[in-house]
Each structure stands twice: as structure tokens, then as C-alpha cells.
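Engineer: Quick one: this structure, given as C-alpha cells, is what I'll be asking you about.
Here, each number is a calculation from the coordinates, and none is a lab measurement. Small disclaimer: the values here were computed from a predicted structure and weren't measured. As a convention, Cβ positions derive from the backbone with ideal geometry for all residues, glycine included, and neighbour counts pool all protein chains shown.
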Amino acid sequence: MSFGGRQVLSGASLEVQAGETVAVLGPSGSGKTTLLSVCGLLLRADSGSVRIDGQEVTRMSQLRPGAIGWVLQQSNSFPRRTVLDNVALGSLAAGFSHAESQELSERALTDVGLSGRLHSEARELSGGELQRMCVARSIAARPKLILADEPTGGLDEENSRHVASLLRQVSSTGATVVVATHDLALAQACHRVVEMHKGRLQIEESQ
Ligand SMILES: Nc1ncnc2c1ncn2[C@@H]1O[C@H](COP(=O)(O)OP(=O)(O)O)[C@@H](O)[C@H]1O
Ligand SMILES: [Mg+2]
């Protein structure tokens, strides 16, 4: 993958099993977001391929709606909409009906421990709760693949641990989770850590 002729990913190959959580650990600028964006079909690499369930995919339309869930460091939310609405909007956008979206969203919010906040406005949540809401939004439509880009950036230790254990819990239901981070505690909570350095995946170690 290159931007304006400058190569930012090269020879990076990553295979992740269903139900596995993998941390991509690396300093800022090493290519983590670019790698996740290629995996999530937001960017098309100049060479190489993306396979999901053994099938080569090049376009989002080849997957069922909501098959990929994203968690970002600063996910957008609608501050004046309710927590339930914020999560349901994600599943509606993924093509689920209103009733299905409500049901999926309530379940996801219960999974992240926010069942008591369904009708609060998003702006009333703390930073940690907001990030859990965003995890709920990313898992509501039951994605096969969850891509989390620095999901604990800006969170304190306790909330970071909570997000880490949630991602691990989600993977135990069969989803594949790839987390880009420079948070060692988050990386250690994953099944496997790969290190990224200047666009190359380097050391691979099993935990
Ligand atoms: N859209 C873009 N246009 C040009 N350069 C980019 C773009 N996105 C990322 N880069 C460059 O690619 C490199 C890797 O960036 P990134 O994947 O964001 O790293 P990380 O997520 O590890 O901080 C950096 O040098 C960054 O400046
Ligand atoms: Mg990044």
C-alpha cells in the first residue's frame, strides 16, 4: 500500500482465525490504521488480497450488511440522541429493520453493561461508557470481523480493561477481532500479538 508513491505497508500478511483476537502493536505512523483499513475494505491496496471465510473480497457489497464492525478511538456519536438510538442507527445503516435494530441494539447494550442507560442521551455518558456504547454499536449487527483502531486511546486503566475484556468476550462468540493499539495491557489481553514496524509485520508470538 502506498500513498503518493511512498510505501506504507509492504509484505504485510496477517491470517486470523474465527474466534481469535489479535493485537497489532506498533508506534504511531507504523501503518496500523492503514492495515486495518485494507482489511476492512476501506482502502484498496496496490497488491495483495483480502480473504474472508476463504473467499477473496474486494468490495463491501460482497459481504452481508454489517459483516464488519469498527471501533475507533474517537467514534462519532449523536450526543443528543439516546444511547439506544445511537446503537440502533448503526444496525439500521447495516440494513436491519427498525424492530430488528432495536432488539439487536438492546442485546448489545446489555452485553456491554449499559442496559440501564438505554434512554439516556449519549452526551450524559462518561468517556468509558461512551466507548462501551461504541463497542455495542460495532457488535450489534453480529459482525464476523471486528476492527478496533486504538479503542482504549484516551481511556483510564479501568475502562481500558473493560473494553479489552469486552473484545475478548465478543471473540468467544466466534467473531474475529483485530485491534490496533500501542496499549500493552490491551495487547496482552489478546490471544496473539503481531508487531508492526514501518509498514512491516515483524515479530509474531503466540500467547
Ligand atoms: N491518506 C493518507 N495519505 C497520505 N499518507 C497517509 C495517509 N494515511 C496514512 N498515511 C501515512 O502512512 C503511514 C502509516 O499511517 P497509519 O496507518 O495511520 O499509522 P498508525 O495507525 O500506525 O499510526 C504514516 O506515515 C502516515 O503519514
Ligand atoms: Mg492509527
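Engineer: Looking only at segment 14-60, which residues are farther than 15 Å from Thr176 by Cα and either acidic (Asp, Glu) or more than 16 Å from ligand 1 (Cβ to nearest atom) (or both)?
Structural biologist: The answer is Asp46, Ser47, Ser49, Gln55, Glu56, Val57, Thr58, Arg59, Met60.
Engineer: Further, regarding this structure: I'm checking my understanding of the structure. Among residues of segment 1-27 that are within 16 Å of ligand 2 (Cβ to nearest atom) and part of a loop (DSSP other than H, G, I, E, B), which one is surrounded by the most Cβ atoms within 10 Å (Cβ to Cβ)?
Structural biologist: Leu9
Engineer: How many residues are in a helix (DSSP H, G or I) and either loosely packed, with under 13 Cβ neighbours inside 10 Å or in contact (Cβ under 8 Å) with a residue 24 or more places away in the chain (or both) when one looks only at segment 98-114?
Structural biologist: Final tally of qualifying residues: 9.
Engineer: Considering segment 152-201 alone, what residues qualify as being within 16 Å of ligand 1 (Cβ to nearest atom) and either β-branched (Val, Ile, Thr) or in a helix (DSSP H, G or I) (or both)?
Structural biologist: Across segment 152-201, the qualifying residues are Thr152, Val178, Val179, Thr181, Leu184, Leu186, Ala187, Val193, Val194.
Engineer: So which of Ser30, Ser75 ends up being in contact with a His (Cβ under 6 Å, 6 or more places away or on another chain), part of a loop (DSSP other than H, G, I, E, B) and surrounded by 18 or more Cβ atoms within 10 Å (Cβ to Cβ)?
Structural biologist: Unique residue meeting the criteria: Ser30.
Engineer: Restricting attention to segment 33-50, report how many residues are away from ligand 2 (no atom under 16 Å from the Cβ) and surrounded by 12 or more Cβ atoms within 10 Å (Cβ to Cβ).
Structural biologist: The qualifying residues number 5.
Engineer: Regarding Gly66, is this residue assigned to a loop (DSSP other than H, G, I, E, B), over 19 Å from the mean Cα position of the chain (by Cα) and surrounded by 13 or more Cβ atoms within 10 Å (Cβ to Cβ)?
Structural biologist: Criteria not met by Gly66.
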